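Bear in mind these aren't lab numbers, they're just calculated from the coordinates by the rules spelled out. Bear in mind that the values here come from a model prediction, so they are computed numbers and not experimental data. Because the Cβ atoms are built from the backbone with ideal geometry, glycine has one as well, and the counts that use them run over all protein chains shown.
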Amino acid sequence: MSGALRAITIGVTAFSTLVDLFATQAILPSLTAAYGVTPAAMGFAVNACTIGMAAGGLAVALFGSRIDRRRGILLSLGLLAVPTALLATMPDLPLFALLRVGQGLCMSAAFALTLAYLGEHTSAADTAGAFAAYITGNVASNLVGRLLAAGLVDHFGLAANFWVFAALNLAGAVLVWFSVERAPPMVQMDRRYASPFDSWLAHLADPALRAAFAIGFLILFAFIGTFTFVNFVLVRPPYGVGMMMLGAVYFVFLPAVATTPLAGRIVARVGTRPALWGSFLVAGAGLPLMLSESLAWLLVGLALVAAGTFFAQATATGFVGRAATIDRGAASGIYLASYFLGGLVGSAVLGPVFDRFGWTACVAGIGLSLALGAVLAARLTLRVPAAAAPALASMR
């Protein structure tokens, strides 16, 4: 397989793995109206997938050494189509949330196993390109998934949207069947640790790793808080954005598609802490613009938040990969669990804030999370040299 075709295949696999994660945010106003609930209630139900994402990350970290990568990715993507299709039946809100949890479990397993496969079965020269392709596919899924969901709901209704996304999940499984080679897992446990739980305790005892896990939590807290509740702001005066235009708003992710794959190179040049501080500064600069009554300035603010948080996530993930000197799979699992838990808490906390106090208070909460992330970045110091920083720092 040529290098370009291989990169495209990796990117499309990443796209089909996570396309369901945030696409539903673009149709939140339609779902809220259909179910007759508050934005906070619907926002929590939609983002319940982060519970499954957190649980799936920990499960793969615990049992990943025993799972065949190709078979696990295939099974995860195939099963992902089931809860996605069931959402088309428009179940009651508790079942809707439960199906989103199921989606999260499948997405997280496929995500973690694909990252493990790429790390284990690509050469040192190809690793950076492979992860860059995967990251770009993930970022693209945030954009294209939202655009597609908004267009489908606008023209064909809510049920058709979920049927199409179920088909995309199955298409991803077919792609994996033909493109991912059969290969055994290559995860090795450090002999000093009798079980993954022992290595998890070792990771949690490391102040730098604890700070990185907390930063991951805060990054998705801010991201979910922004891109969940801004949808309700956009459909109200003074903006009055229609459903199709609401999907087009997510072209604000395009700058992140270009900047996120550069994280490894920039971290290698300036270091992890300056890179994180810069990314939080960029995201923070977008917050005042999101309070503007001008749609153009609001979109600029959203673009800055997206670019800053995606870049911060790439940088923090890379740091975890370098700082964990044993059982990196367990460290990545803890990080992913913390990251997605931050999304759930962001929805649960900022939803009531938005309902009761409005968008300005919600933005203030987002700003607080970014500020805490910047403070914690000061604790990110490596104990060992990291010659392979560029490849891992670009992971998302």
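Rg then Dmax, both in Å and based on the Cα atoms of segment 217-277: 15.7, 45.
Rounded to the nearest whole Hz, the Karplus-based 3J(HN,Hα) values (6.51 cos²θ - 1.76 cosθ + 1.60, θ = phi - 60°) of segment 146-157 follow the sequence 5, 4, 5, 4, 4, x, 5, 5, 5, 9, 10, x, with x at glycine and proline. Modelled spin labels at residue 92 and residue 248, positioned 7 Å past Cα toward Cβ, are 4.0 nm from each other. Taking the average, over residues, of other Cβ atoms within 10 Å as the packing measure, peptides 300-310, 238-248 rank 300-310, 238-248 from highest down. The label point for residue 63 and the one for residue 355, both projected 7 Å from the Cα toward the Cβ, are 3.6 nm apart.
Expressed in units of 2.2 N^0.38 Å, where N is the residue count, the Cα radius of gyration of segment 215-352 is 1.12. Arranged from fewest to most other beta-carbon atoms within 10 Å of their beta carbon, 223, 232, 63 become 63, 232, 223. Fully extending the segment from residue 210 to residue 37 would add 58.6 nm, taking 0.36 nm per residue of separation and subtracting the current Cα-Cα distance. Among 349-360, 161-172, sorting by the average number of other beta carbon atoms lying within 10 angstrom of each residue, highest first, gives 161-172, 349-360. Note on segment 26-121: Cα convex hull, mean projected area over all directions, 6.4 nm².
Residue order for 51, 224, fewest other beta carbons within 10 angstrom first, comes to 51, 224. Each pair of Cα atoms in segment 324-369 enters the Kirkwood radius, and Stokes-Einstein at 4 °C and 1.567 mPa s then converts it into a translational diffusion coefficient of 107 µm²/s. Per-residue Karplus couplings for segment 359-373, computed as 6.51 cos²θ - 1.76 cosθ + 1.60 with θ equal to phi - 60°, are listed in order as 5, 4, 5, 4, 4, 4, x, 5, x, 5, 5, 5, 5, 4, x Hz, Gly and Pro entered as x.
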